[in-house]
There are 2 protein chains.
Amino acid sequence: MQFEEAKNKFVQTWGALGSQWGINKTMAQIHALLMVSSESVSMEDIMQQLQISRGNASMNLRSLMDWGIVYKANKPGERKEFFIAEKDLDELATKIAKERSKREIKPALKVLKEVSVIEADGSKAAEHFIQQTQKLYDFVAKADEMIDRVTTYKDNWLGKLMMKILK
Amino acid sequence: MQFEEAKNKFVQTWGALGSQWGINKTMAQIHALLMVSSESVSMEDIMQQLQISRGNASMNLRSLMDWGIVYKANKPGERKEFFIAEKDLDELATKIAKERSKREIKPALKVLKEVSVIEADGSKAAEHFIQQTQKLYDFVAKADEMIDRVTTYKDNWLGKLMMKILK
DNA sequence: TAAAACTTTCAATTATTTTTGAAAGTTTAG
DNA sequence: CTAAACTTTCAAAAATAATTGAAAGTTTTA
């Protein structure tokens, strides 16, 4: 396999993986492309390499920047904007985890809390509902806290956590 | 908030959360409904409560069973099938993690390995590509192994892991 | 073994999400 | 100031994913 072929395969695979996790395919592809580019990349280049429209490129780059995993990088002397990806994988995982927590887990927890505090009406069904949603709340809250704890230190947290688990 | 209202809100929220993580909304809703039901539920009931077609219910129940998080439960004397969800949350998380690893992470790792072993052609771009995809492979492999390790013991693994991290 | 009681399948339809592209907006250079 | 170079926005179009419903399939009952 040659470099160009390998790069293309990587970008396609990353895009497909993104889709399966609820991330727009193009967004994941742009991210993949930037991840493996040693130099910063212009919007033109992204459009050309992924064969996508300007609007599409613009919007998905915006999203990636909102996630905090892609940055603008101005090249001296150049008018147009260039982009680079966060390449440190601990940092990348941390940012993704924090964003997903903020956008999805925290709001879900809020709802879980709300629905788990209804008055029991004596029925078995309501009783079970309260029990189960409370358990779910505790579980999700604990998982969320764990992710936060583990990624806050961030300095090679995955490796360190691995060490702890091995013991 | 009354029981019925709370239940509905929970089902809706779980469905929306599923969508954001690449899981079909109805599938997540059926799962939510079964999670908070104290008794096993028939297909009729699911169709009626979620206002969905028979085909939809059938296909998504099949998927949930393929994931190993919903089971058939025959009621004595009843002809039709009833369904129950895996309610143990450690077990649920374990099954989901294992399935996603098998279906998505493992194949992605395979591709990462493939593309990271191309011959360097001396260019900076190819050099960087190889470096970065190798790092990515290591990172993802480590994360995947960690999930496996942690969920294999499964007996309250989240709580135990939490303990380790606190120290 | 026939028909009733169910479940599954899948082509067609509908809903949702993504993408396009051109107009509007912004910044820089001269 | 104003034209060129570039980016953003967003309504419409295209692509993708989910859903329906009826026919086909299966199992149970009598």
Which of the residues spanning the stretch A:131-146 are open to solvent by 20 Å² or more (accessible area, probe 1.4 Å) and at the interface with another protein chain (Cβ under 10 Å from one of its Cβ atoms)? A:GLN131, A:LYS135, A:ASP138, A:PHE139, A:VAL140, A:LYS142, A:ALA143, A:GLU145, A:MET146
Say we look at the stretch A:121-130 and pick out the residues that are surrounded by fewer than 18 Cβ atoms within 10 Å (Cβ to Cβ) and not aliphatic (A, V, I, L, M); which of these is farthest from B:VAL11 (Cα to Cα)? A:GLY122
If I filter the stretch A:147-162 down to residues being among the charged types (D, E, K, R) and modelled with pLDDT under 90, which single residue comes out as most open to solvent (accessible area, probe 1.4 Å)? A:ASP155
Any chance you could count how many residues in the stretch B:1-17 are open to solvent by less than 10 Å² (accessible area, probe 1.4 Å) and within 12 Å of DNA strand C (Cβ to nearest atom)? 1
Which pairs turn up if I take residues in the stretch B:52-71 that are within 14 Å of another protein chain (Cβ to nearest Cβ) and look for partners that are open to solvent by less than 40 Å² (accessible area, probe 1.4 Å) and away from DNA strand D (no atom under 12 Å from the Cβ) with beta carbon separation below 8 Å, at least 6 apart in sequence or on another chain? B:TRP67/B:GLU99; B:ILE69/B:HIS31; B:ILE69/B:ALA85; B:ILE69/B:GLU86; B:ILE69/B:LEU92
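The values are calculated or read from the model by the stated rules, or taken from the named source; none is laboratory data. Nothing here was measured: the structure is a model prediction, and the numbers come from that model. Positions of Cβ are generated from backbone atoms using ideal geometry, with glycine treated the same way; all protein chains shown enter the neighbour counts. Side chains included, ligands, DNA and RNA excluded: accessible areas come from the protein's heavy atoms. Shrake-Rupley method; radii C 1.70, N 1.55, O 1.52, S 1.80 Å.
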